[in-house]
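Heads up, the thing below is written out as structure tokens.
The values are calculated or read from the model by the stated rules, or taken from the named source; none is laboratory data. As the structure is a prediction and not an experimental result, all values here were calculated from the model. Reconstructed Cβ throughout: ideal geometry from the backbone, glycine too, with neighbour counts over all protein chains shown.
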Amino acid sequence: MPMNKTYAGPSELPESIPLFPLAGAILLPGGQLPLNIFEPRYLAMFDEAMRGDRIIGMIQPLEGVDAPTDDRPPLRSIGAAGRITQLSETGDGRYFVILSGISRFRVLSEIDSDKPYRQAWVDFSPFPEDFIAGDSVPAKQRTELNNVAFDLAQALRLEIARNDVESMPDADMISVFAMIGPFDHAEKQALLEAPGLLARADLLLALGEVALSRALKGAKPLQ
């Protein structure tokens, strides 16, 4: 399996993938998601993925709440597949992993299996735009996104330099803002399902402005 494999279209991805349900976490096409893996079922999942195509499907529980090990709660119908591009052992039985986003998928049906983790038949074909690079955000909108992201980070007392925000490529900035922003599970799912980078940027700007307003109100001292 090539170390730096790329995918030209849906047909190059597998028809079935392991699923990692995780509330409040989204992986966007072209983005990166860091994960700390410690549950035995997911350690087994990543071990097997590393022996194969290294693809993991990230998906949110429908109710936005993580379930105990033995439960199989309903899942969202749309998730995103990522390839394991970094994996390191921590020395205490955990893995630190970076998933690099490839494409969204629609769940067709789950697979009845004796494996400790969930698997599904999936369809990547509804999302051909995820395989096309090169979209960019208009300069005015990008400036507005930069300002909201930086102001929100300040309001939440996160240590993020303005230069770091401004220097990121559009897709990277949107992916990071969507991932770490104070958005609930439904808002993050809406960002995932937005039809392309420009629509996602529009939605992210709106959600960011609302979150900033809330953060500033919360930071005001009582009169």
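All but one of (1) crowded, with 16+ Cβ neighbours inside 10 Å; (2) not assigned by TED's automatic domain parsing to the domain that holds ILE98 hold for PRO18; which doesn't?
(2)
For residues that are surrounded by 16 or more Cβ atoms within 10 Å (Cβ to Cβ) and among the charged types (D, E, K, R), tally how many sit in segment 124-143.
Qualifying residue count, segment 124-143: 2.
With segment 1-111 as the region, which strands (runs of 3 or more DSSP E) entirely inside it contain at least 1 residues that are under 17 Å from MET179 (Cβ atoms) and among the aromatic types (Phe, Trp, Tyr)?
Details: elements: 16-21, 32-37, 55-59, 78-89, 95-110.
The strands (runs of 3 or more DSSP E) meeting that bar are 16-21, 95-110.
Between LEU87, LEU75, which is in the same structural domain as GLY31 (by TED's automatic domain parsing), under 18 Å from the mean Cα position of the chain (by Cα) and closer than 17 Å to PRO61 by Cβ? Explain how you work it out, then say what you get.
Working: LEU87 fails: closer than 17 Å to PRO61 by Cβ.
Exactly one residue qualifies, and that residue is LEU75.
List, please: which pairs have Cβ atoms under 8 Å, are six or more places apart or on different chains, and start with a residue in segment 190-201 that is assigned by TED's automatic domain parsing to the domain that holds ALA178 and end with one that is surrounded by fewer than 23 Cβ atoms within 10 Å (Cβ to Cβ) and small (Gly, Ala, Ser)?
LEU197/SER136; LEU197/ALA171; ARG200/ALA194
Against the definition (among the small types (Gly, Ala, Ser), touching a residue at least 24 places away in the same chain (Cβ under 8 Å) and on the phi < 0 side of the Ramachandran plot), how does GLY64 come out, yes or no?
no
Would you be able to say whether some residue in segment 126-140 is in a helix (DSSP H, G or I), more than 30 Å from ILE111 (Cβ to Cβ) and not charged (D, E, K, R)? Spell out the reasoning first.
Pass one, segment 126-140, residues in a helix (DSSP H, G or I): 128-131, 139-140.
From what's left, more than 30 Å from ILE111 (Cβ to Cβ): 139-140.
Within this subset, residues satisfying the condition of being not charged (D, E, K, R) are 139.
Checked segment 126-140: at least one residue is in a helix (DSSP H, G or I), more than 30 Å from ILE111 (Cβ to Cβ) and not charged (D, E, K, R).
Within the set of pairs 6+ apart or on separate chains, which have a first residue in segment 113-127 that is in contact (Cβ under 8 Å) with a residue 60 or more places away in the chain and under 20 Å from PRO74 (Cβ atoms), a second that is of a type in the set (A, V, I, L, M, F, W, C) and assigned to a loop (DSSP other than H, G, I, E, B), and C-beta atoms under 9 Å apart?
As it stands, the answer is ARG118/ILE111; GLN119/ILE111; ALA120/ILE111; TRP121/ILE111; VAL122/LEU13, since those pairs meet every condition given.
Of the numbered conditions (1) under 20 Å from HIS185 (Cα atoms); (2) surrounded by 14 or more Cβ atoms within 10 Å (Cβ to Cβ); (3) free of Cβ contacts under 8 Å to residues at least 40 places away in the same chain, PRO74 satisfies every one except a single condition; which is it?
In the conditions (1) under 20 Å from HIS185 (Cα atoms); (2) surrounded by 14 or more Cβ atoms within 10 Å (Cβ to Cβ); (3) free of Cβ contacts under 8 Å to residues at least 40 places away in the same chain, PRO74 misses (2) alone.
Quick one: in segment 187-198, of everything that is surrounded by fewer than 18 Cβ atoms within 10 Å (Cβ to Cβ) and at pLDDT below 95, which residue is nearest to LEU152 (Cα to Cα)?
Restricting to residues being surrounded by fewer than 18 Cβ atoms within 10 Å (Cβ to Cβ) and at pLDDT below 95, the top hit is LEU198.
So, of the residues in segment 155-167 that are surrounded by 16 or more Cβ atoms within 10 Å (Cβ to Cβ) and of a type outside the set (Val, Ile, Thr), which turns out to be farthest from the chain's Cα centre (by Cα)?
Ranking the qualifying residues of segment 155-167, first place goes to ALA155.
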